[in-house]
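Peer 1: Encoded as structure tokens, here's the structure I'll be asking about.
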Amino acid sequence: MASASQSAPPTPVRPGLWALPLPLPVPPRSVTVYVLETDAGPWLIDAGWDTEDAWQTLTAGLSALGTGVEDVRGVLVTHSHLDHYGMAPRIREASGAPIALHPLDAAQLPRYREDPAERLAALLRRAGAPPAAVDQALAEAGRQRGHRADGPDVLLEDGHRPQVPGGPHRPVDPRSHPRAPVLLGRPQPAAARRRPGAAPHRGGRP
């Protein structure tokens, strides 16, 4: 698995929006977290799996954008899977940023608090995978912890418009992931808050 220093840097999606790939302990090996710039500071769309590799990659990526985890103003989570919700409570602990999640997904969080490696093994066994394949998957996944016990601060009901600075923001149909009820579009960019002396955005403005 790539270390934080070897991971891809944030890439511009559009003005004010950056894509930051974070490592996963299981295939497909990475998941994308989006950094949304606002006048008050960065907001994150999704949070990545709660591993130390992902945490280091997140902090390195935010640093490359001239900001830090402690500057995050909010975390908008598209759905409750480990690779999307996992680090949200840890980010909240570091920054005080509220977590927003759809209530149907908030109700699913207890399912993900058990050992995710065992969940993966059970899934493979139900699918008829041979014991050797299950053992290999467990070895690759390791014993990663699942979600922390605490849930979101804000429940995003259907049609709800999150109160993100620099809006208006609107829900966007997440056609690439039908389980994700929350995605956002933003018509205007805004500058991210930067710490004094922070480096400029890597690669310049989009």
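None of the figures in this text is laboratory data; all of them are computed from the coordinates on show. Please read these numbers as outputs of a predicted model, since none were measured by experiment. Backbone-built Cβ (ideal geometry, glycine too); neighbour counts: all protein chains shown.
Peer 1: Summing +1 for each Lys or Arg and -1 for each Asp or Glu, what net charge is found among the other residues whose Cβ lies under 13 Å from the Cβ of GLY48?
Peer 2: Local charge sum for GLY48: -3.
Peer 1: For the residues VAL154, VAL69, what sequence is obtained by ranking on other C-beta atoms within 10 Å, fewest first?
Peer 2: So the ranking, lowest neighbour count to highest, is VAL154, VAL69.
Peer 1: Further question: Restricting attention to the alpha-carbon atoms of the range 1-71, what are Rg (one decimal) and Dmax (integer), both in Å?
Peer 2: Just the Cα atoms of the range 1-71 yield Rg and Dmax of 11.4, 36 Å.
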